[in-house]
Amino acid sequence: MADFFYQTTPIYYVNDRPHLGTAYTTVVADAFARWHRIIGDETFLLTGTDEHGLKIARAAEERGKSPIAWADEASAWFVDAWSALEITNDDFIRTTQERHRRSVQQFMQAIYDNGYIYKGEWAGWYCVSCETYYSEEELEGDRLCPTHQRPVEWIVEENYFFALSQFTDRLLEWYEANPEVVLPESRRNEALGFIRQGLRDISVTRTSFDWGIRVPWDEEHVVYVWYDALINYATVAGYGSDAELFARMWPGVHHLVGKDILRFHAVWWPAMCMAAGILPPQQIVAHGWLLVGGEKMSKTRANQIEPVALAEEVGVEALRYHLLRDVTLGNDGDFTFEGLIGRYNADLANNLGNLLSRVSTVVSSKCGGIGPAPRDASATAMATISGEVIAEVRRAWQRAAPQEALEATWRLVRETNAALEIAEPWRHDPGPEVDAVLGDALEVLRIVAILAAPAMPETAAEIFSRIGLEGRPDAPGRGALAGGELAWGGYPGGCSVIRGEPLFPRRKAQG
Ligand code: ME8
């Protein structure tokens, strides 16, 4: 067992600005990492940029720049966007870094030395946008790439091949022995389908251009960009440079990817690890596409939404919440501005915002602004509901289902609002009854702040401070199973509760 929960995103191509699709993956990976920090796991979040290959060389050329000058500029867009979206990555890898060159060369050499790379000739239809070859049958229409609907190119090359076909049985055994290695299940079945169809060897070097990492035993060749890119996950874990770190981080790696690159991560990459003599990754979670008007967002379709501008308009945490709450991870989800505003008003303004504001208002008017302690768990139904919700949230994150974690958390918010409406503490004279109801509600707010923190960290911190608690709700280990604070009764009472501005003023949908 590795010591770390090591979460990754794909490394994004620098031919394109960050858009809502890449933002979605990155926000989900960030939420996974944040949850694991909260439950006390030593956590490491990695993202980065994929900068080699023909596609990037051409993108640079079109702009009259050298590939590295272009990559420097474009990779900074991702660094800036992820910082604006509150992404807590511990490292940012660029495949043009020297540490990565060394690691790729060692990884390739290990596979070569183990006898799984051989020289051969390759001719085939190549899509530059995908950086991949397609067979004649896979093409659509007039020899168009099935993903991009763009013409493919016939490329003939002498290059090195990875003997992927030799890994069919080992991959099937690995899937058999690890039922949750790919989540959700629909994606696992898809990956198994690829393997059962039969695997062909893949060409893993190029000689037609040189924007890449040199093959260590044959300087004429550069490493195929997908082979180069996948190895990034090992580079950052210290592969070939820091054996001690590698032993702590590997194979505890959890990849989050879009369904378009499932095959690379769930078939090629585990086989590459086996071939290099290291263990395959612990888990691959694949999500669906974020669609706009029913179509995948992409540069070629020019229907991209700029995530930082959107976050500035609606609030970064509202955007994060919507992405995590309204896409069922694994399925496609359609993005609309109206959907975002509808969710904002229902869950954030009306439910959570309302709960905080009514509790702080009544604590101010009936309890002199000092929050009372909750009832004993045995004396309040809210404790039972909280217990169920906490268990459900734990299971949901475990199953890579953020939408279920947040749905359960908001059930607790709604039930608490409903309980307040029945008890109506604002109508009663101050006294033990009013204190009990408000104490329970404050305790729920404390628990909700911890449970909502992976999606909305700063909102959660604001709730903590308004109800008079010190520290952050997402302090590492606060939600640990043993000795953590995700159990009824943690709100101490006697804290100063602040009546502040509404957390989420209602918004009008606009066209
Ligand atoms: O494939 N909806 O990079 P990439 C949801 N460099 N997610 C989307 C999306 C959409 N409409 N569009 C993109 C590459 N994504 C390689 C990866 S990893 C070793 C190398 C997300 O810039 C989704 O996660 O094309 C998808 O898998 C990824 O961006 C592709 O990013």
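Every read-out reported here was derived from the displayed coordinates using simple, explicitly stated rules and does not represent laboratory data. If you're wondering where the values come from, they're calculated on a predicted model, not measured in any experiment. Note: ideal-geometry Cβ built from the backbone for every residue, glycine included; neighbour counts use all protein chains shown.
Could you name the lysines whose alpha carbon sits less than 29 Å from that of residue 259, not counting residues in the same chain fewer than 8 places away?
Straight-line reach from residue 259, under 29 Å: 55, 296, 299.
With a point put 7 Å past each Cα toward its Cβ, work out how far residue 305 is from residue 378 in nm, to one decimal.
If labels sit at residue 305 and residue 378, their model points lie 5.0 nm apart.
For residue 334, what residues show an amide H to amide H distance below 5 Å, using hydrogens built from the backbone and excluding near sequence neighbours?
Those qualifying (amide H under 5 Å, at least 5 residues apart or on another chain) are 291.
Check the cysteines of the chain one by one and keep only those with no other cysteine Cβ under 4.7 Å from their own.
So, 273, 367, 495.
Cα axis of helix 432-452 to longest principal axis of the chain: angle in degrees, 0 to 90, nearest 10?
So the inclination is approximately 10 degrees.
Just to verify a number: FRET efficiency for residue 433 and residue 336, C-beta to C-beta distance, R0 = 60 Å, to 0.05?
Once rounded, the FRET efficiency stands at 0.85.
Tell me which residues come under 5 Å, amide H to amide H, from residue 94 once H is placed; ignore anything under 5 positions away on its chain.
Under 5 Å from the amide H of residue 94: 49.
What is the extension gain from residue 169 to residue 415, computed as 0.36 nm multiplied by their sequence separation minus the C-alpha to C-alpha distance, in nm to one decimal?
Length difference between fully extended and current span is 83.5 nm.
Along the charge dipole of the chain, pointing to its positive end and built from +1/-1 on Cβ of Lys, Arg, Asp and Glu, which listed residue (198, 487, 186) has its Cα farthest out?
Towards the positive end, the residue furthest out is 487.
What does a probe at residue 422 reach in the stretch 309-351, counting residues whose amide N is under 14 Å from the point 7 Å along Cα→Cβ?
Flagged as within label range: none.
Note down, for the chain, the three equivalent ellipsoid semi-axes (square root of 5 times each alpha carbon gyration tensor eigenvalue), biggest first, whole angstrom. List each step's numbers first, then the result.
Working: eigenvalues 464, 111, 74 Å².
Values for the chain, descending: 48, 24, 19 Å.
List every residue whose amide H lies under 5 Å from the amide H of residue 205, counting only residues 5 or more places away in sequence or on a different chain, with H placed 1.01 Å from N in the peptide plane.
160, 224
Multiplying the sequence separation of residue 90 and residue 279 by 0.36 nm and subtracting their Cα-Cα distance, what value in nm do you get?
Details: separation 189, 0.36 × 189 = 68.04 nm, distance 2.28 nm.
Roughly 65.8 nm would be gained on extension.
Taking the number of other C-beta atoms within 10 Å as the exposure measure, put 474, 90 in order starting with the fewest.
Going from least to most buried by this count: 90, 474.
Which FRET efficiency, nearest 0.05, do residue 80 and residue 346 yield, Cβ-Cβ r, R0 25 Å?
On the way: r = 31 Å, r/R0 = 1.25.
Working from the Cβ atoms, E equals 0.20.
Treating the beta-carbon of each Lys and Arg as +1 and of each Asp and Glu as -1, no other charges, what is the dipole magnitude of the chain about its Cα centre, to the nearest 20 debye?
With only Lys, Arg, Asp and Glu charged at Cβ, the dipole is about 820 debye.
Is the C-alpha gyration tensor of the stretch 344-496 telling us rounded, prolate or oblate? Criteria: a/c under 1.5 is rounded; beyond that, a/b larger than b/c is prolate, otherwise oblate.
prolate
At a Cα cut-off below 17 Å, give the aspartates and glutamates reachable from residue 366, other chains included and same-chain residues fewer than 8 away excluded.
421, 424, 429, 433, 435, 440
Could you line up 46, 192 from fewest to most neighbouring Cβ atoms inside 10 Å?
Fewest-to-most ranking of 46, 192: 192, 46.
So between residue 485 and residue 501, what do we pick up on full extension, going 0.36 nm a residue minus the alpha carbon distance?
3.0 nm
Given 4 °C and 1.567 mPa s, how large is the Stokes-Einstein diffusion coefficient of the stretch 108-161 in µm²/s, with Rh as the Kirkwood radius over Cα pairs? All intermediate terms of the calculation are to be shown ahead of the outcome.
Values: Rh = 12.4 Å.
D, rounded to a whole number, is 104 µm²/s.
Taking the dipole about the Cα centre of the chain, with the C-beta of Lys and Arg at +1 and of Asp and Glu at -1, give me whichever of 449, 241, 417 is farthest to the positive side.
Toward the positive end, the furthest listed residue is 417.
For residue 65, give me every one of the aspartates and glutamates with a C-alpha distance below 12 angstrom, ignoring sequence neighbours fewer than eight places off in its own chain.
73
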